Amino acid sequence: NIVTRNFPIPVEVLRKKLNLQDGGNTRIIATTDNNKNHILIRAVAAPK
């Protein structure tokens, strides 16, 4: 799963560049910080 906020690359293109598939418990959050740096955050779901 990929989510983008204020990021110049669309989800579909980012998924192809990173060679990722949908599903699983890992989420990629692509965003831009207040200094205009593009960042990727890898988040893993906590066990239930």
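Values in this text are rule-based calculations from the coordinates and carry no lab data. Since the model is a prediction, treat every value here as computed from it, not as a measurement. All Cβ positions, glycine included, derive from the backbone under ideal geometry; neighbour counts span all protein chains shown.
Some notes on this structure:
- The simple spin-label model puts a point 7 Å past each Cα toward its Cβ; for residue 22 and residue 37 those points are separated by 3.2 nm.
- Hz values of 3J(HN,Hα) by residue in the range 31-43 - Karplus curve (6.51, -1.76, 1.60), Gly and Pro given as x: 8, 10, 7, 5, 9, 6, 8, 8, 10, 10, 10, 9, 10
- In order along the range 15-20, the Karplus-derived 3J(HN,Hα) couplings, from 6.51 cos²θ - 1.76 cosθ + 1.60 at θ = phi - 60°, round to 4, 5, 5, 8, 6, 10 Hz, and Gly and Pro are given as x.
- Label-to-label distance for residue 45 and residue 1 is 0.6 nm, based on points extended 7 Å past Cα in the beta-carbon direction.
- Residue order, fewest to most beta carbons within 10 Å, for 16, 36, 48: 48, 36, 16
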